Amino acid sequence: MEQMTGLDLKIKEVAGRIKELREIEGLSQQDMALKTDVSLDEYQKCEQGESNLTFAFIYRCSLALKVNVTDIIEGYSPELKAFTVTRNGAGQIVSKAHGMTYYNMAYAFRNRIAEPLFVKAVYNDEAQYKDIELTTHDGQELDIVINGYLMVQVGSHKEVLGPGDTIYYDSSTPHGMIAVNGKDCDFYAVVLNPSGEPIPELASSSSKEIKDKKTGFKDEKDRIYKKYIDVVENENCAPVSIKFKNTEKFNFAFDLVDALAEREPEKLAMLHVSNNMTERIFTFSDMKKESARTANYFKSLGIKKGDRVMLVLKRHYQFWFAMLGLNKLGAIAIPAVYQLQEHDFEYRFKSAGVKAIVCTGDGDTAHQIDIACQNCPDLTIKIMVNGTRDGWRNFDEEYKMYSTHFDRTEDTACGNDTMLMYFTSGTSGYPKIAVHNHKYPLGHFHTAKYWHAVDPEGLHFTISDTGWAKAMWGKLYGQWLAEAATFVYDFDRFDAEKIMPMFAKYHITTFCAPPTMLRMMIKQDLSKYDFSSVKHMTTAGEALNPEVYRQFEKLTGLQIHEGFGQSESTMIIGNMIGAPHKIGSMGKPAPIYDIDLFDHDGKSVPVGETGEIVVNVKNGVPCGLFTGYYKDEAKTKEVWHDGYYHTGDTAWRDEDGYYWYVGRVDDVIKSSGYRIGPFEIESVIMELPYVLECGVSACPDEVRGQIVKASVVLVKGVEGTEELKKEIQNYVKEKTAPYKYPRIVVFKDELPKTVSGKIMRNKL
């Protein structure tokens, strides 16, 4: 059997994509033969990969199949929207036929109106005595000779062109060319798109910078954070540089909360609304005293510096007492969500070496913990909040008996000492344990001040269970560093109709929620609610669908500023206050992080290409980035190596420096040679008014390897029918390259999610 060359394999691959697209469009081989101006026999050979594929043929296929040429050649859509640079020798090889090699010089530019080609024509002595092979395609063409000599035939007319000569012609006229005068010829061929229509991406608001409706403010007040953070701002009060100092002895509870309590004891720290609508107001003086009581209480139970203490406290106000108390004591907090079951708790207790747990009295959580504890003898201290249970201590009654004063000592935990541990979301495999030190709170300064844009005299509301890392982003550290109060609503289940009246009632000024909850909000009649107090709005946790942004702005006038980070970090990339942004983009790197995008070989990818988001730590680890995975050196080395932290998330960077989320490294769907990111398809499906949520995943297929599957949650009152499935599929075909459409559409009541609210695509 004859061995296939790399070029042969490439031809087979491209031919397979053409066949796939033809079948999707419902075209016969005869239809395609007519559209590509070749005989049926020739078309069949091309589709089977048994014949060379000329650029003209591929180009006509792309027009017939409604895709970009690059989609066919490379198996993915280009992403650049304003310009592209192709270095010498770096063009995309389009085809190799008739003694010519074609290189596309703008393959990374989406929806281009021209195909600029660099062509190398090999001199062939035999060709001088034969008729020139002619071809046709729609549009017009410009050829420019660089080196050598080229004979060009247009219709029956022939011209010999030398270096610097050009020819422009109607390419629907039969034409062809060969190298002459005994040497090879290099030339440029620019093939114009016959439609001549403006590029949709250039006309779309998603590619344009949008001016922020609100700028930051110059804070001249002597804030406590200035002892630890130096900031340089631009004229719009957006951060240009953030540097940290005096961090080695920093302890958030002592150095921020207690210090603020001494300076402004009556300043509001938190407005708390319980599930039964009971309102509680806590000042910074209250927080100082209650955290001291809690530290003394924990100490009396035998909890000491370095002990691991799990907190399963929903949104109870006691969570803040416990976190600050553990900070002062030097014990390590491990927040967790209350939805965990017995096996989840057992895994976490053993993995982290948990000594004590502080748990809500609500629901079945304590029961699940008791079952888990049967196999975890090292967990010896169980404390309950908002309830009583046999074998458990009563926090609410007992802690009150202790002093409101807790002394700082030389041995007090600070700086590089471990402060906090978070189990990662675990979308695949068992969750890992990300370890943070006492510098971590400082890394959230920019999260709150420049992304949430909190007002020191305002009230910030982040929707998050305290078991999620997102709670540290929006409910404690950064907000209090910026001396802003937080609003907490201790609900059991998200209910947009209950939450939205609170914005006006409590005069909430800044707001952050994950996209999942924003999607639920825009399905309500927002005109019934008053959002006039809200000055700034943010989202993180998963990528934001542009349609959610547009709907929210249309209904409320508020721009949603997206941000990106992990349990392992603070906000890495974001749309900052006072800076322009682009709809659908994560924004630009935060000043404390040095960011790049790497390919599989660990090399930086050019503008417009997808790569893994990495953080450069060669010059030191920024405050806010984790120190490693607890007792898991192998996993730590997987993500920390060669001077970089590898996030496992992928994105591409545009020409203006904005980052666009693609997905997890292992989320990419590989179907019939195409590489498909799920988020693009999810964003399109979310544009449909009857779709509440959508998750896109890969489904195994014997023929194609994988196919696209869309799991859809419909709004109330809409029934999932076969007709609706077809409507969704056709809509995706119209809005994206046809090969990206979901061959499988299933309707679900809800999507599987991690405890942090992220869609688990591996379980769809």
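The values are calculated or read from the model by the stated rules, or taken from the named source; none is laboratory data. Bear in mind the structure is a predicted one, so any value in this text is a computation, not a measurement. In this analysis, Cβ positions are derived from the backbone assuming ideal geometry, glycine residues included, and neighbour counts consider all displayed protein chains.
Quickly run through the range 527-542 and pick out the residues that are small (Gly, Ala, Ser) and closer than 22 Å to Asn575 by Cα.
Ser532, Ser533, Ala540, Gly541
Please count how many residues of the range 239-281 are more than 15 Å from Thr486 (Cα to Cα) and either of a type in the set (Ser, Thr, Tyr) or part of a loop (DSSP other than H, G, I, E, B) (or both).
14
If we scan the range 364-371, do we find a residue that is within 39 Å of the chain's Cα centre (by Cα), touching a residue at least 12 places away in the same chain (Cβ under 8 Å) and within 21 Å of Leu324 (Cα to Cα)?
no
Could you list, in sequence order, the residues of the range 467-498 that are at pLDDT below 95 and not in a helix (DSSP H, G or I)?
Gly467, Trp468, Ala469, Phe491, Asp492, Arg493, Phe494, Asp495
Please go through (1) in the same structural domain as Lys725 (by TED's automatic domain parsing); (2) buried (at least 21 other Cβ atoms within 10 Å of the Cβ); (3) of a type in the set (A, V, I, L, M) for Val615 and return the number of the only condition it doesn't satisfy.
Failing condition for Val615: (1).
Anything in the range 654-663 that is modelled with pLDDT under 90 and over 8 Å from the mean Cα position of the chain (by Cα)? List them, or say none.
Asp654, Glu655, Asp656
Regarding Ala579, is this residue over 17 Å from Gly474 (Cβ atoms), of a type in the set (Gly, Ala, Ser) and not assigned by TED's automatic domain parsing to the domain that holds Pro678?
Spelling it out, Ala579 is indeed over 17 Å from Gly474 (Cβ atoms), of a type in the set (Gly, Ala, Ser) and not assigned by TED's automatic domain parsing to the domain that holds Pro678.
Cβ contacts < 9 Å: first residue at pLDDT 90 or above, restricted to the range 134-149; second residue polar (S, T, N, Q) and surrounded by fewer than 17 Cβ atoms within 10 Å (Cβ to Cβ), any location; separation 6+ or different chain. Result?
Leu142/Thr166; Asp143/Thr166; Ile144/Thr166; Val145/Thr166; Gly148/Asn181; Tyr149/Asn181
Looking at this structure, is Ala331 farther than 30 Å from Asn619 by Cα and of a type in the set (A, V, I, L, M)?
no
Looking at Gly624, Gly620, Gly584, which is the one that is touching a His at 6+ places or on another chain (Cβ under 7 Å) and either part of a loop (DSSP other than H, G, I, E, B) or of a type outside the set (Asp, Glu) (or both)?
Gly624
Residues in the range 417-434: is at least one aromatic (Phe, Trp, Tyr), closer than 30 Å to Glu220 by Cα and over 21 Å from the mean Cα position of the chain (by Cα)?
The answer is no, given that none of the residues of the range 417-434 is aromatic (Phe, Trp, Tyr), closer than 30 Å to Glu220 by Cα and over 21 Å from the mean Cα position of the chain (by Cα).
Quick one: how many residues across the range 680-720 are among the hydrophobic types (A, V, I, L, M, F, W, C), in contact (Cβ under 8 Å) with a residue 60 or more places away in the chain and surrounded by fewer than 18 Cβ atoms within 10 Å (Cβ to Cβ)?
The qualifying residues number 1.
Regarding Lys328, is this residue crowded, with 24+ Cβ neighbours inside 10 Å and basic (Lys, Arg)?
yes
When you scan the range 546-562, do you find a residue that is closer than 27 Å to Lys716 by Cα and either in a strand (DSSP E or B) or touching a Pro at 6+ places or on another chain (Cβ under 8 Å) (or both), even just one?
yes
Among the listed residues Ile242, Ile281, which satisfies the condition of being surrounded by fewer than 19 Cβ atoms within 10 Å (Cβ to Cβ) and under 20 Å from His460 (Cβ atoms)?
From the options Ile242, Ile281, the qualifying one is Ile281.
So for the range 712-719 (the condition being outside any helix (DSSP H, G or I), in contact with a Phe, Trp or Tyr (Cβ under 7 Å, 6 or more places away or on another chain), within 30 Å of Gly648 (Cβ to Cβ) and modelled with pLDDT of 75 or more), does at least one residue qualify?
yes
Any residue in the range 510-530 that's surrounded by fewer than 20 Cβ atoms within 10 Å (Cβ to Cβ): show its pairings with residues that are among the hydroxyl-bearing types (Ser, Thr, Tyr) at Cβ separation under 9 Å, as long as the two are six or more apart or on different chains.
Met517/Thr539; Leu526/Thr556; Tyr529/Thr556
From the list Pro456, Pro441, exactly one residue is of a type outside the set (D, E, K, R), more than 20 Å from the chain's Cα centre (by Cα), under 30 Å from Phe217 (Cβ atoms) and assigned to a loop (DSSP other than H, G, I, E, B). Which is it?
Pro456
Kindly indicate which of Asp390, Asp407, Asp490 is under 22 Å from Phe284 (Cα atoms), surrounded by fewer than 24 Cβ atoms within 10 Å (Cβ to Cβ) and without any contact (Cβ under 8 Å) to a residue 24 or more places away in the chain.
Just one listed residue meets the conditions, Asp407.
So if I check each of Gly608, Gly624, which one is within 17 Å of the chain's Cα centre (by Cα) and crowded, with 16+ Cβ neighbours inside 10 Å?
Among Gly608, Gly624, only Gly608 is within 17 Å of the chain's Cα centre (by Cα) and crowded, with 16+ Cβ neighbours inside 10 Å.
Among the residues that make up the range 511-526, is at least one of them part of a loop (DSSP other than H, G, I, E, B), among the hydrophobic types (A, V, I, L, M, F, W, C) and either in the same structural domain as Val691 (by TED's automatic domain parsing) or over 19 Å from Gly574 (Cα atoms) (or both)?
The answer is no, given that none of the residues of the range 511-526 is part of a loop (DSSP other than H, G, I, E, B), among the hydrophobic types (A, V, I, L, M, F, W, C) and either in the same structural domain as Val691 (by TED's automatic domain parsing) or over 19 Å from Gly574 (Cα atoms) (or both).
Condition check ((1) touching a strand residue (DSSP E or B) at 6+ places or on another chain (Cβ under 8 Å); (2) acidic (Asp, Glu); (3) within 22 Å of Ile572 (Cβ to Cβ)) across all residues:
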| site | (1), (2), (3) |
| --- | --- |
| Asp417 | yes, yes, no |
| Phe423 | yes, no, yes |
| Val435 | yes, no, yes |
| Ala453 | yes, no, yes |
| Asp492 | no, yes, no |
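Can you find a residue in the range 168-181 that is of a type in the set (Gly, Ala, Ser), in contact with a Pro (Cβ under 8 Å, 6 or more places away or on another chain) and under 23 Å from Ala33 (Cα atoms)?
No, every residue in the range 168-181 fails to be of a type in the set (Gly, Ala, Ser), in contact with a Pro (Cβ under 8 Å, 6 or more places away or on another chain) and under 23 Å from Ala33 (Cα atoms).
Anything in the range 521-540 that is out of contact with any strand residue (DSSP E or B) (no Cβ under 7 Å at 6 or more places or on another chain) and of a type outside the set (Lys, Arg)? List them, or say none.
Of everything in the range 521-540, those that are out of contact with any strand residue (DSSP E or B) (no Cβ under 7 Å at 6 or more places or on another chain) and of a type outside the set (Lys, Arg) turn out to be Met521, Ile522, Gln524, Asp525, Leu526, Ser527, Tyr529, Asp530, Phe531, Ser532, Ser533.
If I ask for residues that are touching a residue at least 60 places away in the same chain (Cβ under 8 Å) and either touching a Gly at 6+ places or on another chain (Cβ under 8 Å) or among the hydroxyl-bearing types (Ser, Thr, Tyr) (or both), which ones from the range 476-487 would you list?
Residues satisfying the conditions are Tyr477, Ala485, Thr486.
From the residues in the range 182-234 that are part of a strand (DSSP E or B) and closer than 30 Å to Met100 by Cβ, which one is modelled with the lowest pLDDT?
Leu192
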